[in-house]
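The block underneath contains the structure these notes are about, expressed in structure tokens.
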Amino acid sequence: MIAIFQERVCGMGKECLLQVQNVTKRYGDKIALNNFSMDICPGEIVALIGENGAGKTTLLNIICGYIKPSAGQVQYKGENIIEKPLAIREFGILIEPQFLDYISAEENLRLLSQLVNRKQDTRIEELLKKTELYSSRKKKVKEFSFGMKQRLGLCQCLLTEVGFLILDEPFTGLDPINVEMFMEAIREFKKKGCSIIFSSHRMEHVEMF
């Protein structure tokens, strides 16, 4: 079961940014997500809390359009995510981040910026410093610890200006100092009006907001 903790800002003349409507996901006889609904307005932070296997990652993958629901739908700005997959260009996504292990952290970020047709050397340097990876920027990613890869994943999802952050268990593998660092980066995006949804299995992460 997934519990939702939400900082409500609706009711102030704001329309819903994201609507999850009666979403169910089945894998054969197994139900990974059952008739789940929620909505998010611009500028809101939403936390999904639940044990492993509760369906948090499945839900986030459906929101991103990575997997199709068995029933129900997800709308972003009134458009069906499955029918309009380009909407995810407005998302910053951290779900099981993937890297090219044989090149450096800096090269990974530069390659990503080239894929979106933007040269962002200043932004890359800023993010590497903010996540305390700057001194390791020339190291190959295969030499990184799990926590360092998590921080590099944060750099990836914040590389371009986005309106919606989707973070799956972003604090896993991080020590308290790095958790606070991660939180501070998220708070900065919230100040810019960015909506955020993240999953965790620990209530103290929700309370930090």
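Which one of GLU184, GLU161 is charged (D, E, K, R), farther than 18 Å from ALA47 by Cβ and open to solvent by 70 Å² or more (accessible area, probe 1.4 Å)?
Result: GLU161 is the single residue among GLU184, GLU161 that is charged (D, E, K, R), farther than 18 Å from ALA47 by Cβ and open to solvent by 70 Å² or more (accessible area, probe 1.4 Å).
Among LEU128, LEU174, which is touching a helix residue (DSSP H, G or I) at 6+ places or on another chain (Cβ under 9 Å), open to solvent by 10 Å² or more (accessible area, probe 1.4 Å) and over 29 Å from ILE81 (Cα atoms)?
LEU174
Kindly indicate whether any position in segment 139-146 is in a loop (DSSP other than H, G, I, E, B), basic (Lys, Arg), touching a strand residue (DSSP E or B) at 6+ places or on another chain (Cβ under 9 Å) and modelled with pLDDT of 90 or more.
For segment 139-146, residues in a loop (DSSP other than H, G, I, E, B), basic (Lys, Arg), touching a strand residue (DSSP E or B) at 6+ places or on another chain (Cβ under 9 Å) and modelled with pLDDT of 90 or more: present.
Give just the number: which of (1) surrounded by fewer than 16 Cβ atoms within 10 Å (Cβ to Cβ); (2) under 16 Å from the mean Cα position of the chain (by Cα); (3) more than 21 Å from TYR66 (Cα to Cα); (4) modelled with pLDDT of 80 or more does LYS149 not satisfy?
(1)
So if I check each of SER135, SER200, which one is among the small types (Gly, Ala, Ser) and open to solvent by less than 70 Å² (accessible area, probe 1.4 Å)?
Just a single option satisfies the conditions, and that option is SER200.
Among the residues of segment 90-104, count how many are open to solvent by less than 30 Å² (accessible area, probe 1.4 Å) and farther than 25 Å from SER200 by Cβ.
Result for segment 90-104: 1.
The values are calculated or read from the model by the stated rules, or taken from the named source; none is laboratory data. Nothing here was measured: the structure is a model prediction, and the numbers come from that model. Using ideal geometry, Cβ is built from the backbone for each residue, glycine included, and neighbour counts are taken over all protein chains shown. The accessibility values were calculated without ligands, DNA or RNA, using every heavy atom of the protein model including side chains. Shrake-Rupley method; radii C 1.70, N 1.55, O 1.52, S 1.80 Å.
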